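All of the numbers you see were taken from the coordinates with simple rules; none came from a lab. Because the structure is predicted, anything quoted here is derived from the model rather than measured. We place every Cβ from the backbone using ideal geometry, glycine too, and count neighbours over all the protein chains shown.
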Ligand code: MN
Ligand code: MN
């Protein structure tokens, strides 16, 4: 037996197909009242059922109002796709600090883990390497980065806010905050289980190698190693380093520098897409060839703007919110649709292929960095798909006026209104 729901009644009135029927329906239809299944506050008959008489963490609840009072179109649930560096414990040492959100803290984050690090002026993240690649975006200040490639070719660069770096897996590197204000940045490892606290440290290896072996290896007297600290350095307060050119001369190799540049300046690049509502800059192997395992988009959404409904066919999306306030809804089979609120410092994660969109709910621009574990950024948008599908088919599926479908742009604005 078929129940007569409001939605069915609506279908009965719109099937006529006349334009007047569409506009009449538009005034009566309450989109966002999915009475099949009967979920959402709109379906509650006694308002007492909506109250929360138990204990509340109001500070947290006020940060994510969409969690406590989801839009009526949200349905069912899905694994948590919201986290924040502000939930993470900070490891502080003389010279700086770091905090991280790995898959241990954030189950959904399988492809990548994120680290937020601060190095004061002269603060050093000691010479080290790890099994995963490291992609990074500078958030504040100035940092000196060094790397050696597997051909034995060194490079040293100074980077500032908005710049990126990429160290392929296993290549040794170091970071140092420069004056006057040091550096803050966010690292992305291309493995959700990777941790900033289990990297291979120069000091650890040296301390745990017999001095005679070190002496033989470096062709130096054993006494050369007698002052090494038994504690790993990890982050330490260093002296202000010499000017860049001087250090580059010191480390210069007859083999030259690595073939591929390992830093990239997003501030010098024109937006890949720009509309009156925002912009997207795409940085992947097409313009940053060294970054073979992480592709990135740097997205700006102006107040009132919408990062249009879309998905990524090739990889999970890991988001770092740099600025602004927004709301993201993720759609999955089930059906499931879940909305969460995001603020600066938060992290979002969308599994490969799942539909999503972001609304700017604040009064300032959103700046958000999206990363993908892939060599290329790839995206399918709902509007472009519908505009490029047989009109009759789309009209039949969605019971829409074909003349309106014709108006949907075949281009891909990315941030709308275009
Ligand atoms: Mn590293
Ligand atoms: Mn996306």
Item checked: Inter-centroid distance (Cα atoms) of the stretch 269-306 relative to the stretch 89-110, Å -> 26 Å
Next item on the list: Using only Cα atoms, locate the centre of the stretch 231-258 and the centre of the stretch 316-342, then give the distance between them in Å, rounded to an integer.
Entry: 40 Å
Notebook entry, point to check: Using a simple spin-label model with points 7 Å from Cα along the Cα→Cβ vector, what separation in nm is obtained for residue 246 and residue 267?
Noted result: 2.4 nm
Check: Taking Cα atoms, how many degrees apart are the long axis of helix 19-28 and the longest axis of the chain, rounded to 10 and kept between 0 and 90?
Finding: 70 degrees
Next item on the list: Starting from the Cα of residue 209, step 7 Å along the direction of its Cβ; do the same at residue 56; then give the gap between the two resulting points in nm.
Entry: 5.9 nm
Notebook entry, point to check: Taking springs between alpha-carbon atoms closer than 10 angstrom, which of 347, 294, 207 fluctuates most in the Gaussian network model of the chain?
Noted result: 207
Note to self: Just to be sure I understand: with springs between alpha-carbon atoms less than 10 Å apart, which residue in 123, 96, 238 has the highest mean-square fluctuation in the Gaussian network model of the chain?
What the structure shows: 238
Next item on the list: Sort out for me the Cα centre separation of the stretch 117-136 from the stretch 166-201, rounded to whole Å.
Entry: 3 Å
Checklist line | Shape category assigned to the chain from the gyration tensor of Cα positions, a/c cut at 1.5 | finding: prolate
Item checked: Relative contact order (%) - the chain, alpha-carbon pairs under 8 angstrom, separation at least six -> 16 percent
Next item on the list: Using label points projected 7 Å from each Cα along Cα→Cβ, tell me how many nm separate residue 404 and residue 392, to one decimal.
Entry: 2.1 nm
